[in-house]
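Take a look at the structure set out below.
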Amino acid sequence: MLRGKRVIVTGASSGIGEQMAYHLARMEAHLLLTARTEAKLQKVVERCLELGAASARYISGSMDSPSLPEEVLSEAENTWGGLDMLILNHIGQSSFSYFSGDVGHVRKLMDINFVSYVALATAALPMLKESEGSIVVVSSIAGRIAGPFTAPYSATKFALDGFFSSLRQELIIEKVNVSITLCILGYINTESAMRAVSHVIPDTPAPKEECALEIIRGGALRWREVHYPPRTVSSMLLLRSFAPELLDSIVRGSYRVENVRRT
Ligand SMILES: NC(=O)C1=CN([C@@H]2O[C@H](COP(=O)(O)OP(=O)(O)OC[C@H]3O[C@@H](n4cnc5c(N)ncnc54)[C@H](OP(=O)(O)O)[C@@H]3O)[C@@H](O)[C@H]2O)C=CC1
Ligand SMILES: CC(C)CCC[C@@H](C)[C@H]1CC[C@H]2[C@@H]3C(=O)C=C4C[C@@H](O)CC[C@]4(C)[C@H]3CC[C@]12C
């Protein structure tokens, strides 16, 4: 379904975004990748071309820059003359620890994890309307259920749900055929996630390669939501809906809180 499609992936220099780029390359899509680190993006682009991408290029920059979203979408317009899928995946760095009281960090994380998603989707919508394309928003269980040690991060992910679920309703009312897929992910074995939480969370993380493929599948099939790993996420959401306090206490009890780093 994705052969020859024009796809933007943000946060594609590592982790789940990098794996999505490789799957899309094998599917022979056209790729435009973004992240801050040019050296890593160069390597990912090279690998994508080896794997069979119809074309692959990148733009580097930080998503707290207000001009970057427009730049990225102009690049798509100029090189492809359109766009079929926008995959919003990048996140700014945040620590897994007690809320430090740093309001500046919350503001910056909101800009990177939320406002830039809105700006990218806004700039992409005219082309996506034309192609009847898709927006894929990568979120987290922490964007549906608030656990400890992720207050700023959780807030940015809850915000994505509010904005994109409302926008989805408006597109349907206006009979605009652009799909919005929200991805609710559990713990995935990316380097940055394991570095942040493996000393506190004893669970085995799910594989990033399969996670990346499920996100792409859900986007291509225009699903409303992707849950990955499906059983863990769905059972947590179900428990949350009828016994929220029980779930909260299970979550608190399953963390090694004595290992949380104090900043
Ligand atoms: N891994 C997990 O357990 C979970 C992950 N998720 C979600 O999955 C998605 C991917 O996570 P994961 O792969 O683990 O994360 P990674 O840390 O591996 O990747 C994050 C990506 O974002 C880029 N990035 C970081 N800061 C900025 C910035 N300021 N501007 C632009 N790009 C930036 C990074 O590249 P660079 O540093 O070069 O800019 C990198 O490409 C996120 O949306 C996350 O919330 C959800 C639930 C669980
Ligand atoms: C019911 C729940 C609130 C929690 C249970 C599942 C736990 C173990 C899962 C669900 C979502 C996961 C976090 C996540 O979404 C993204 C990141 C950002 C990354 O940079 C560092 C790791 C971090 C904090 C993940 C840590 C592990 C979390 C809390």
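The values are calculated or read from the model by the stated rules, or taken from the named source; none is laboratory data. Note that the structure is predicted; figures quoted are calculated from it, not measured. Glycine also receives a Cβ, built like all others from the backbone with ideal geometry; neighbour counts cover every protein chain displayed. What goes into the accessible areas is simple: the full protein's heavy atoms, side chains included, and nothing from ligands, DNA or RNA. Shrake-Rupley method; radii C 1.70, N 1.55, O 1.52, S 1.80 Å.
How large is the helix-only mean residue ellipticity at 222 nm for the chain, computed as the sum of -39500 (n - 2.57) over DSSP H runs with n ≥ 4, divided by its residue count, in deg cm²/dmol to the nearest 500?
Details: 10 runs with 130 residues, N = 263.
Dividing the helical sum by the residues of the chain leaves -15500 deg cm²/dmol.
So which aspartates and glutamates pass the test for LYS40, namely a Cα distance under 14 Å, with those fewer than 8 places away in the same chain ruled out?
Cross-link targets: GLU18.
Over the chain, with every protein chain in place, what whole percent of the accessible area is carbon and sulfur at 1.4 Å, could you tell me?
52 percent
List the extent of the Cα atoms of region 6-259 along each of their three principal axes, largest first, rounded to whole Å.
Cα extents, longest axis first: 52, 43, 35 Å.
Place +1 on the Cβ of every Lys and Arg and -1 on the Cβ of every Asp and Glu in the chain, take the dipole about the Cα centre, and give the residue among SER116, ILE201, SER14 whose Cα lies farthest towards its positive end.
Selected residue: ILE201.
Roughly how many Å² is the accessible area per residue of the chain, as a whole number, for a 1.4 Å probe?
Per residue, the chain has 49 Å² of solvent-accessible surface.
Working with all protein chains in place, sort LYS175, LYS157 by solvent-accessible area computed with a 1.4 Å probe, largest first.
LYS175, LYS157
How large is the charge dipole for the chain, taken about the Cα centre, if only the Cβ atoms of Lys, Arg (+1) and Asp, Glu (-1) carry charge, to the nearest 20 debye?
Values: 27 positive and 27 negative charges, 97 e Å.
Taking the Cα centre of the chain as origin, the dipole is about 460 debye.
Specify the angular offset, from 0 to 90 degrees and rounded to the nearest 10, of the alpha carbon long axis of helix 208-220 from the longest principal axis of the alpha carbons in the chain.
For 208-220 against the chain, the angle is about 60 degrees.
Output ³J(HN,Hα) for region 153-158: one whole-Hz value per residue in order, computed from phi by the Karplus curve 6.51 cos²θ - 1.76 cosθ + 1.60 with θ = phi - 60°, and x for Gly and Pro.
For region 153-158, the Karplus curve yields 4, 4, 4, 5, 6, 4 Hz.
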